[in-house]
Amino acid sequence: GWMDRLYFGYTQTTLWNLSEDSRPFEDSSYRPSFFWQEILGHEGWRPDALRMGYEHESNGQPDEESRSIDTLFFQPAWFIPIGQKELMLAPKFYAYIFKGEENPDIADYRGYMELIARYGDAHNWEFTTRIRVAERPSIQLNVSYPLRSQMFSRVGGFLYMQLFHGYGESLLHYNEKEDLQLRV
């Protein structure tokens, strides 16, 4: 039934500042989500998959440093075979259903849409681009390569490199522009 296509996801992002003396964690984001996903198959220009759901994001901090948002999202996806690999194009549209008092203007920095493209697979090189379409946009480029075989699903050890430039990367500093950041 329809419950077979209901999923729970969890993403955690922690920014670790190795350039400071005490090497502090700058900010962490905890992002649980519940979503429904349907694989539709290849038929012309129609999407190959649809995903829609609810996402909460919080940095788990108290008082003035507390930040959180709740969004509903809709994400169609197209999978285009190129050689032995696949290009995925998946724009993500979202609406804010809650913006905390500490970040009421977060939509100016995060916008209402992300353009996501991924090429490759989890067994070899994988390249991902994420562009936030906003009044103050951002771009993130990721490259990963597996260092060990996967234990289950997409969980395993990877060499990972990331470039980020723009606004809205972390909830705590969402309204501060980040110059080009390189992370490994």
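The values are calculated or read from the model by the stated rules, or taken from the named source; none is laboratory data. The shown structure was predicted, so the numbers you read here are calculated from the model rather than taken from an experiment. All Cβ positions, even for glycine, are placed from backbone atoms using ideal geometry, and neighbour counts span all protein chains on display. In case anyone asks, the SASA skips ligands and DNA or RNA and just uses the protein heavy atoms, side chains included. Shrake-Rupley method; radii C 1.70, N 1.55, O 1.52, S 1.80 Å.
All of (1) under 20 Å from the mean Cα position of the chain (by Cα); (2) closer than 24 Å to residue 127 by Cβ hold for residue 84 with one exception: (1). Residue 126 meets each of the listed conditions (1) surrounded by 17 or more Cβ atoms within 10 Å (Cβ to Cβ); (2) charged (D, E, K, R); (3) closer than 21 Å to residue 37 by Cα apart from (3). I'm checking my understanding of the structure. Among residues of region 41-81 that are modelled with pLDDT under 95 and among the basic types (Lys, Arg), which one is farthest from residue 119 (Cα to Cα)? Within region 41-81, the match that is farthest from residue 119 (Cα to Cα) is 67.
Kindly establish whether residue 116 is touching an Asp or Glu at 6+ places or on another chain (Cβ under 7 Å), β-branched (Val, Ile, Thr), touching a residue at least 12 places away in the same chain (Cβ under 8 Å) and within 27 Å of residue 36 (Cβ to Cβ).
Here the answer is no, as residue 116 does not meet what is asked.
Listed by first and then second residue, the pairs linking a residue in region 1-13 that is in a strand (DSSP E or B) to a residue that is modelled with pLDDT of 90 or more and aromatic (Phe, Trp, Tyr), with Cβ atoms under 7 Å apart and 6 or more places separating them unless they lie on different chains, are 6/36; 7/35; 8/34; 9/35; 12/30.
Of all residues in region 39-64, those that are in contact with a helix residue (DSSP H, G or I) (Cβ under 9 Å, 6 or more places away or on another chain) and surrounded by 14 or more Cβ atoms within 10 Å (Cβ to Cβ) total 1.
Before we move on, is residue 107 closer than 22 Å to residue 66 by Cβ, surrounded by 15 or more Cβ atoms within 10 Å (Cβ to Cβ), without any contact (Cβ under 8 Å) to a residue 60 or more places away in the chain and not β-branched (Val, Ile, Thr)? Answer is yes for this residue. Taking the criterion of being over 28 Å from residue 66 (Cβ atoms) and open to solvent by 40 Å² or more (accessible area, probe 1.4 Å), the residues of region 132-145 that qualify are 141, 145.
Condition check ((1) more than 17 Å from residue 31 (Cβ to Cβ); (2) in contact with a helix residue (DSSP H, G or I) (Cβ under 7 Å, 6 or more places away or on another chain)) across all residues:
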residue: 123; (1), (2): yes, no
residue: 135; (1), (2): yes, yes
residue: 138; (1), (2): no, no
residue: 144; (1), (2): yes, no
residue: 148; (1), (2): yes, no
residue: 156; (1), (2): yes, no
residue: 160; (1), (2): yes, no
residue: 173; (1), (2): no, no
residue: 180; (1), (2): yes, no
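The residues of region 82-105 that are among the aliphatic types (A, V, I, L, M) and modelled with pLDDT of 95 or more, listed by number, are 87, 88, 89, 90, 95, 97.
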